[in-house]
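Below: the structure, in structure tokens.
The values are calculated or read from the model by the stated rules, or taken from the named source; none is laboratory data. Just so it is clear, the model here is predicted, and its values are computed rather than measured. A quick note on method: Cβ atoms are made from the backbone with ideal geometry, for glycine too, and the neighbour counts reach across all protein chains shown. Quick note on the areas: whole protein, heavy atoms, side chains included, nothing else; ligands and nucleic acids left out. Shrake-Rupley method; radii C 1.70, N 1.55, O 1.52, S 1.80 Å.
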Amino acid sequence: MTTPVYQNFINGHFLKNQSGDTFAVKNPATDEVIYHVEVADAFVQNAAIESAKQGFAAWSAMTPIERSRILLKAVEILRARNDELAKIEVLDTGKPWQEAECVDVQTGADVIEYFAGLAPAQVGQQQMVGEDFYYTRKEPLGICAGIGAWNYPLQIACWKSGPALAAGNALIFKPSEETPLGAIKLAEIFIEAGVPAGVFNVVQGAAEVGQWLTQSDDIEKVSFTGEVGTGKKVVASAAGSLKDVTMELGGKSPLLVFDDADISQAVSAAMLGNFYTQGEICTNCTRIYVHKNVYQQFIDELKTRTEQNIIAGDPMDPEVNLGALISKNHHDLVMGYIDKGINEGATLLTGGKALKPESAPNGYFVAPTVFTDCTDNMTIVKEEIFGPVMSVLVFDDEDDAIRRANDTHLGLAAGVFTKDIKRAHRVIHQLQAGICWINSYGNSPAEMPVGGYKQSGIGRENGIETLDHYTQTKSIYVGMTDIESPF
Ligand code: NAD
């Protein structure tokens, strides 16, 4: 059986490359190649820039309200095609249909809708300076680049294109080479909605295509989502042309469970924050610090629910709530971390093995895994695993728990469970993280800015401030009086 070959999406249509280079994309739940994609060679890259220049000229000349109307049309199409797009995400990522069907497309559409609404509300300032005055204009940056990770491919493409396009920029987007199809579908939807050709181009490939985007003198900004190590390379490369950067990177986030917490709720949060999307979520609370008085109760309930309520299998089965990891490589990496946890002396409470579900025997599944008796210096407690592996630690002193929670170079997210309202805020204010939850975990509405402290990121996505990250301020001084000149 022949599989489809997708080309790069440039200037409103598919463009054939000249090199003939392609790469294969596998369904992680079956280990089968489902399609091939052409790599963006120099010919495609030049075309992407030239068409983005033209797209930018047309798009930035429109009024914000015209842009808003077109983006809202795209939102309508995204929602109408929810199931078709969600299925693409399931086949590309291995995540369960029951998640993709209600999260991936919806939360992507929400963000485009949010920024479409905000675009016409962006205003400059005006101030008198004696009899003269100045005013400011919020102008788009020009051509921006987006580089995405593979865990929420379509959502990431929407989260980057929403504010970029609303502010009047053109965006050249490179999805992860593991999950390239969703972004192409978004590009088609933008064209159908009336976004001018060239405003949203999709280029395909791995690191070398990403590097080209970070180096190009024609690109003003890079918004990157991926690993900390890759983020550092992107920042270094972008420095060559002094590009603006937004970095959405990895985490090793703590969840603190105090002895007055609703333990069932805390267990729900810990399970969501470690097993949803089979653990492949950047904000996951992979370090769970539990007060010693409730430790036993917490791990008893956690073990029971993990062993009874998780169903691994064909991700398209609506009953399945644990999908396959993205690739064989990643699966082996996660299994390697589990081995390290065992070798370094942590106790395996549950899981710890690869799974071969009957409905998807060739998929890259890992059982939901919980380690107890963890110590702060273990590899599994220090490094991002990006799989369904939770480490549980004990504490008995609030200040000590905060100190241990902050003892990392990462700072993406954090959570606190307690019924004491004063403690909740006191503790969360001291945690060094950009995205925090009290008696909740994981929700990320379009209205709320998200991004990392320390090495987890630079800048923010979502929320009003993100529009500022896609605009630059032009100050215009207006002379109302004669110029005083010594010449
Ligand atoms: P990755 O860093 O391997 O790849 C991310 C993207 O960068 C891919 O498109 C890849 O092709 C590209 N790339 C690779 N090398 C590059 C280079 N030298 N220059 C430019 N681009 C390059 O990350 P991943 O494995 O795809 O995703 C998992 C990581 O993403 C995890 O660390 C996770 O925490 C992080 N993540 C963060 C967020 C967030 O919002 N903070 C969201 C999702 C994922």
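What to note about this one:
- Filtering region 31-67 to residues that are polar (S, T, N, Q) and either open to solvent by 10 Å² or more (accessible area, probe 1.4 Å) or modelled with pLDDT under 95 (or both) leaves Gln45, Asn46, Gln54, Ser60, Thr63.
Here's the yes/no breakdown for (1) closer than 20 Å to Tyr152 by Cα; (2) not hydrophobic (A, V, I, L, M, F, W, C):
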position	(1), (2)
Asn406	no, yes
Val427	no, no
Ile438	no, no
Lys454	no, yes
Arg460	yes, yes
Leu467	no, no
Ser475	no, yes
Ser485	no, yes
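- Residue tally, condition away from the ligand (no atom under 15 Å from the Cβ), of a type in the set (A, V, I, L, M) and outside any strand (DSSP E or B), over region 430-471: 3
- Candidates are the residues of region 177-191 that are open to solvent by 10 Å² or more (accessible area, probe 1.4 Å) and farther than 15 Å from Ile147 by Cα; the one that is nearest to the ligand (Cβ to nearest atom) is Lys185.
- Number of the exception - Ser264 against (1) surrounded by 23 or more Cβ atoms within 10 Å (Cβ to Cβ); (2) more than 16 Å from the ligand (Cβ to nearest atom); (3) in a helix (DSSP H, G or I): (1)
- In region 226-240, the residue that is nearest to the ligand (Cβ to nearest atom) out of those that are assigned to a loop (DSSP other than H, G, I, E, B) and surrounded by fewer than 21 Cβ atoms within 10 Å (Cβ to Cβ) is Glu227.
- Flag if Gln215 is touching a residue at least 12 places away in the same chain (Cβ under 8 Å), within 14 Å of the ligand (Cβ to nearest atom) and surrounded by fewer than 23 Cβ atoms within 10 Å (Cβ to Cβ): yes
- Of the criteria (1) open to solvent by 20 Å² or more (accessible area, probe 1.4 Å); (2) within 21 Å of Tyr152 (Cβ to Cβ); (3) touching a residue at least 40 places away in the same chain (Cβ under 8 Å), which one Asn329 fails: (3)
- Residues that are of a type in the set (Ser, Thr, Tyr) and within 18 Å of Pro388 (Cβ to Cβ) were ranked within region 242-290; the one that is nearest to the chain's Cα centre (by Cα) is Thr283.
- The set of residues in region 68-97 being within 16 Å of Gly162 (Cβ to Cβ) and open to solvent by 20 Å² or more (accessible area, probe 1.4 Å) consists of Arg69, Ile70, Leu72, Lys73, Glu76, Arg79.
- For region 278-296, a residue qualifies if it is part of a helix (DSSP H, G or I) and either surrounded by 15 or more Cβ atoms within 10 Å (Cβ to Cβ) or within 16 Å of the ligand (Cβ to nearest atom) (or both), and the qualifying residues are Gln278, Gly279, Tyr295.
- Single residue of region 98-107 satisfying the filter (open to solvent by less than 60 Å² (accessible area, probe 1.4 Å) and of a type in the set (D, E, K, R)) that is farthest from Thr30 (Cα to Cα): Asp104
- Taking the criterion of being surrounded by fewer than 23 Cβ atoms within 10 Å (Cβ to Cβ), part of a strand (DSSP E or B) and away from the ligand (no atom under 15 Å from the Cβ), the only residue of region 241-261 that qualifies is Asp244.
- Scanning region 297-314 for residues that are surrounded by fewer than 17 Cβ atoms within 10 Å (Cβ to Cβ) and among the aliphatic types (A, V, I, L, M) gives a single hit, Ile311.
- Looking only at region 4-13, residues that are surrounded by fewer than 19 Cβ atoms within 10 Å (Cβ to Cβ), assigned to a strand (DSSP E or B) and in contact with a strand residue (DSSP E or B) (Cβ under 7 Å, 6 or more places away or on another chain) come to 2 in all.
- Considering region 102-160, the residues that are among the charged types (D, E, K, R) and away from the ligand (no atom under 16 Å from the Cβ) include one that is farthest from Glu89 (Cα to Cα), namely Glu131.
- Of Ser485, Ser440, all but one fail to be exposed (fewer than 12 other Cβ atoms within 10 Å of the Cβ), hydroxyl-bearing (Ser, Thr, Tyr) and more than 24 Å from Ala167 (Cα to Cα); the exception is Ser485.
- Which numbered condition Gly210 misses (of (1) within 21 Å of Leu165 (Cα to Cα); (2) over 18 Å from the mean Cα position of the chain (by Cα); (3) near the ligand (Cβ under 10 Å from one of its atoms)): (2)
- Test for Glu192: is it over 30 Å from Asn82 (Cβ atoms) and of a type in the set (D, E, K, R): no
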